[in-house]
1. Can you name the residue in the range 3-57 that is among the β-branched types (Val, Ile, Thr), in contact with a Gly (Cβ under 8 Å, 6 or more places away or on another chain) and surrounded by fewer than 18 Cβ atoms within 10 Å (Cβ to Cβ) and, of all such residues, is farthest from residue 90 (Cα to Cα)?
2. Among 114, 76, which is within 15 Å of residue 25 (Cα to Cα) and more than 13 Å from the chain's Cα centre (by Cα)?
3. Determine whether residue 78 is surrounded by 14 or more Cβ atoms within 10 Å (Cβ to Cβ) and more than 16 Å from residue 2 (Cα to Cα).
4. Report every pair of residues separated by at least 6 positions or lying on different chains whose Cβ atoms are under 7 Å apart, first residue within the range 43-66 and without any contact (Cβ under 8 Å) to a residue 40 or more places away in the chain and of a type in the set (Lys, Arg), second part of a loop (DSSP other than H, G, I, E, B) and open to solvent by less than 70 Å² (accessible area, probe 1.4 Å).
5. Taking residue 4 as the residue in question, decide whether it is within 24 Å of residue 115 (Cβ to Cβ) and either assigned to a strand (DSSP E or B) or without any contact (Cβ under 8 Å) to a residue 40 or more places away in the chain (or both).
6. Cβ contacts < 8 Å: first residue more than 13 Å from residue 24 (Cβ to Cβ), restricted to the range 96-109; second residue crowded, with 16+ Cβ neighbours inside 10 Å and among the small types (Gly, Ala, Ser), any location; separation 6+ or different chain. Result?
7. Can you list residue pairs whose Cβ atoms sit under 7 Å apart, with the first residue in the range 21-42 being touching a residue at least 24 places away in the same chain (Cβ under 8 Å) and on the phi > 0 side of the Ramachandran plot and the second being charged (D, E, K, R) and part of a helix (DSSP H, G or I)? Count only pairs 6 or more apart in sequence or on different chains.
Amino acid sequence: QIQLVESGGGLVQPGGSLTLSCLAYGNFNSIYLMGWYRRAPGKQRELVATMMLNRTITYDDSVKDRFIISRETTKSVVRLQMNRLKPEDTAVYYCHGRRNGINYWGRGTQVTVSS
């Protein structure tokens, strides 16, 4: 069983930065895919960034060159460093992990980009 807990959300001004963290409880090294998704008000959940165990990374075009995903195995943590934030980045951000074909989700953390 895997439990994912996000932290680091909040209110930030446009152009600012924020780092989200996802702490995984359980066998972290067995999770071969981890990533971040987000759901903006009135929209469907969408992929933001993913990282596989072999370090293969995928970013949505809307965040490429602004967001950085990283995985710290020793601490069972996946982070999402978000730079040059825009109002359209406002959403609930969810941590995601997949192991043995099963998807795991955190409860989400709110990110609001507003002046």
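The values are calculated or read from the model by the stated rules, or taken from the named source; none is laboratory data. Keep in mind the model is a prediction, meaning the values are calculated, not measured. Quick reminder, even Gly has a Cβ in these numbers, built from the backbone with ideal geometry, and neighbours come from all protein chains shown. Note: accessible area is taken over every heavy atom of the protein model, side chains too, but ligands, DNA and RNA are not part of it. Shrake-Rupley method; radii C 1.70, N 1.55, O 1.52, S 1.80 Å.
1. 5
2. 76
3. Spelling it out, it is not the case that residue 78 is surrounded by 14 or more Cβ atoms within 10 Å (Cβ to Cβ) and more than 16 Å from residue 2 (Cα to Cα).
4. Short answer, once both residue conditions are applied: 66/83.
5. In short, no.
6. 103/97; 109/8; 109/9
7. Filtered contacts from the range 21-42: no entries.
A quick yes/no check of all residues on (1) in contact with a Lys or Arg (Cβ under 9 Å, 6 or more places away or on another chain); (2) hydroxyl-bearing (Ser, Thr, Tyr):
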{"residue": "15", "(1), (2)": "yes, no"}
{"residue": "32", "(1), (2)": "yes, yes"}
{"residue": "41", "(1), (2)": "no, no"}
{"residue": "54", "(1), (2)": "no, no"}
{"residue": "68", "(1), (2)": "yes, no"}
{"residue": "71", "(1), (2)": "yes, no"}
{"residue": "77", "(1), (2)": "yes, no"}
